[in-house]
Amino acid sequence: MNFHILTLFPEMFDGVLHSSMLGRAEEKGILKFNLVNIRDFSGNKHNRVDDAPYGGGRGMVMQAPPVYDAYESVASALSSKPHVIHMSPKGSVLTQQKAIELSKKEDIVILCGHYEGIDQRVIDEIVDEEISIGDYVLTGGEIPAMTLIDCVSRMIDGVLSNEDSFTDESHYDGLLEYPHYTRPPEFHGRVVPEVLLSGDHARIAAWRRRESILITKEKRPDMYERNADIYESELNPPPKRRRKR
């Protein structure tokens, strides 16, 4: 997959995109990152890309022409239109299912706004969807873009060591993840659940499933309610009937 990031601050991405999981995937050629500095398309010697908003008000607005030209520098080199995402608090909230959907794309352009926002005309012309990472406002779209890239990249074949690395994680199947334990077997008087030391894979799988349901019920009742009937039947199965002799 190719990520093309349109930003005023490309240097913010260096440590994130070239380290850990993302860095290894880039080395393998699974992911490619193309950082495009919108200021390079300002058309003036001061590299200015913002101006005062029409109608008055505080702050500055990113101008349409440099944003569009930055986008065109990417799109013109591709055989088909890339999927364009504007990171915005006005967008739909990023979910695991959305990450899975986006992981099927070949080229994604991520537009990072700044200041008071971007001229709506260029958003209307090039953007396919707006995505938010939560109901709050950040200084710019760069950190949300990093979050989106990390989240989507995990869903791409070969980025993680094996499929179980993400299919067992929180939100993948509508549940939060079960708790994890490792050595030592006792820590500050707290011991590892016996079932995890049993070697019985069926019991371990059943325990993990039950813990996921219980944790979701406690911490995210909104998620639990979506399939409450199924989860309740798993937590409280009907007693087995004894066979009559």
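Name the residues in segment 65-122 that are crowded, with 20+ Cβ neighbours inside 10 Å and in a helix (DSSP H, G or I), would you?
Pro66, Val67, Ala70, Tyr71, Ala99, Leu102, Val122
Report, ordered by the first and then the second residue, all pairs with beta carbons closer than 7 Å, sequence separation of six or more or different chains, a first member in segment 120-134 that is more than 12 Å from Ala64 (Cα to Cα) and assigned by TED's automatic domain parsing to the domain that holds Ile108, and a second member that is of a type outside the set (A, V, I, L, M, F, W, C) and assigned to a helix (DSSP H, G or I).
Matching pairs, first to second residue: Ile133/Pro144; Ile133/Thr147.
It is to be established whether one or more residues within segment 163-183 are of a type in the set (D, E, K, R), at pLDDT 95 or above and not in a loop (DSSP other than H, G, I, E, B).
In the first step, residues of segment 163-183 are kept if they are of a type in the set (D, E, K, R); the result is 163-164, 168-169, 173, 177, 183.
Imposing the further condition that a residue be at pLDDT 95 or above reduces the set to none.
For segment 163-183, residues of a type in the set (D, E, K, R), at pLDDT 95 or above and not in a loop (DSSP other than H, G, I, E, B): absent.
Contact list please: Cβ distance under 9 Å, first residue in segment 17-44 and within 13 Å of Met146 (Cβ to Cβ), second residue among the charged types (D, E, K, R) and surrounded by 15 or more Cβ atoms within 10 Å (Cβ to Cβ), pairs at least six apart or on different chains.
From segment 17-44, the pairs are Leu17/Glu26; His18/Glu26; Met21/Asp150; Met21/Arg154; Leu22/Asp150; Phe33/Glu26.
So which of Ser80, Ser132, Ser103 is in contact with a Pro (Cβ under 7 Å, 6 or more places away or on another chain) and closer than 22 Å to Ser153 by Cβ? Walk me through how you get there before you give the answer.
On the way: Ser80 fails: in contact with a Pro (Cβ under 7 Å, 6 or more places away or on another chain); Ser103 fails: in contact with a Pro (Cβ under 7 Å, 6 or more places away or on another chain).
Going through Ser80, Ser132, Ser103 in turn, just one is in contact with a Pro (Cβ under 7 Å, 6 or more places away or on another chain) and closer than 22 Å to Ser153 by Cβ: Ser132.
Scan segment 106-129 for residues that are modelled with pLDDT under 95 and either of a type in the set (Asp, Glu) or closer than 27 Å to Asp157 by Cβ (or both) and report the count.
Of the residues in segment 106-129, 1 are modelled with pLDDT under 95 and either of a type in the set (Asp, Glu) or closer than 27 Å to Asp157 by Cβ (or both).
Working carefully through the options Asp14, Asp40, Asp69, Asp107, find the one that is touching a strand residue (DSSP E or B) at 6+ places or on another chain (Cβ under 6 Å), acidic (Asp, Glu) and more than 28 Å from Asp135 (Cβ to Cβ).
Numbers: Asp14 fails: touching a strand residue (DSSP E or B) at 6+ places or on another chain (Cβ under 6 Å); Asp40 fails: touching a strand residue (DSSP E or B) at 6+ places or on another chain (Cβ under 6 Å); Asp69 fails: touching a strand residue (DSSP E or B) at 6+ places or on another chain (Cβ under 6 Å).
On inspection, the qualifying residue turns out to be Asp107.
The values are calculated or read from the model by the stated rules, or taken from the named source; none is laboratory data. All values reported here derive from a predicted model rather than from experimental measurement. Because the Cβ atoms are built from the backbone with ideal geometry, glycine has one as well, and the counts that use them run over all protein chains shown.
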